Amino acid sequence: MAATDELVAACMEAIGEPDPRGAVREVLSRVITDGTLTKSRAESTAGLHILYRSEDLTVLNVIWPPLMTLFPHDHRMWAVIGIYSGREDNAFFRRDGDSVIPSGGKELADGAVLLLGDDVIHSVHNPARSSYTGAIHVYGGDFVGTPRSQWDPTTLTEQPYDLELVRGEFDRAERAFRATD
Ligand SMILES: [Fe+2]
């Protein structure tokens, strides 16, 4: 069984526990440090790969191109992030009417696990100039089908979350990196 299949199976089991978020955190803490995902990182292209999606669980393998920044967005469900390769800087925001204002941040290094509450708004950045970051993002709901928000990176005005726009940001960052090769 592929490492990502084992990860999904473990997450499906974890969300049946009395403390699903804590159980998912334990799963990620184990999996991101045992080296089994490193191969999946090498075999994956930049982007947001959906490993599993249902009403109550979404598991993503996110490969961040160097220096990519994804605009602020919310999830409206709990999330657990685990970094298995590279770094992921998270900047947090809080609502201010239709806009958002900065509210701290957290730099995640290889092996870090972060729990996010369902009201979190964050933007994400790969600070590395020449290496990709591999991260597992697990959500306690349907990350793709749940209506939520993103904020324009320049004007910080609220817009409906648009997965295609997100995928476009990954493509743009990937092209920008390849242009520097
Ligand atoms: Fe996010």
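The values are calculated or read from the model by the stated rules, or taken from the named source; none is laboratory data. Only a predicted model underlies this, so the values are computations on that prediction, with no experimental measurement involved. Here the Cβ positions follow ideal geometry from the backbone for every residue, glycine too, while neighbour counts run over all protein chains shown. Calculation scope for accessible area: heavy atoms of the full protein, side chains included, ligands and nucleic acids excluded. Shrake-Rupley method; radii C 1.70, N 1.55, O 1.52, S 1.80 Å.
Within segment 116-133, the set of residues being within 15 Å of the ligand (Cβ to nearest atom) and either under 17 Å from residue 33 (Cα atoms) or among the aromatic types (Phe, Trp, Tyr) (or both) comprises 133 only. Against the list (1) under 14 Å from the mean Cα position of the chain (by Cα); (2) within 13 Å of the ligand (Cβ to nearest atom); (3) open to solvent by 60 Å² or more (accessible area, probe 1.4 Å), the condition residue 107 fails is (2). Screening 117, 97 for residues that are free of Cβ contacts under 8 Å to residues at least 24 places away in the same chain and either at positive phi or small (Gly, Ala, Ser) (or both) leaves exactly one candidate, 97. Residue under question is residue 81, and the condition is that it be in contact with a Ser or Thr (Cβ under 7 Å, 6 or more places away or on another chain), of a type in the set (Val, Ile, Thr) and either surrounded by 16 or more Cβ atoms within 10 Å (Cβ to Cβ) or not in a strand (DSSP E or B) (or both); does it hold? Here the answer is no, as residue 81 does not meet what is asked. On inspection, residue 128 passes the criterion of being open to solvent by 10 Å² or more (accessible area, probe 1.4 Å) and among the small types (Gly, Ala, Ser).
Count of segment 131-156 residues, restricted to those that are of a type in the set (Ser, Thr, Tyr) and either in contact with a Cys (Cβ under 8 Å, 6 or more places away or on another chain) or in a strand (DSSP E or B) (or both), is 3. Contact map, segment 70-82: first residue closer than 18 Å to residue 172 by Cα and more than 11 Å from the ligand (Cβ to nearest atom), second residue assigned to a strand (DSSP E or B) and modelled with pLDDT under 95, Cβ cut-off under 7 Å, separation 6 or more or different chains; the map is empty.
When segment 156-170 is filtered for residues that are without any contact (Cβ under 8 Å) to a residue 12 or more places away in the chain and more than 16 Å from the chain's Cα centre (by Cα), only 159 remains. Of all residues in segment 1-57, those satisfying the criterion of being in a loop (DSSP other than H, G, I, E, B) and surrounded by fewer than 14 Cβ atoms within 10 Å (Cβ to Cβ) are 1, 2, 16, 17, 18, 19, 34, 35, 45, 54, 55, 56. Residue-level analysis places residue 113 outside the set of residues that are within 12 Å of the ligand (Cβ to nearest atom), β-branched (Val, Ile, Thr) and touching a strand residue (DSSP E or B) at 6+ places or on another chain (Cβ under 7 Å).
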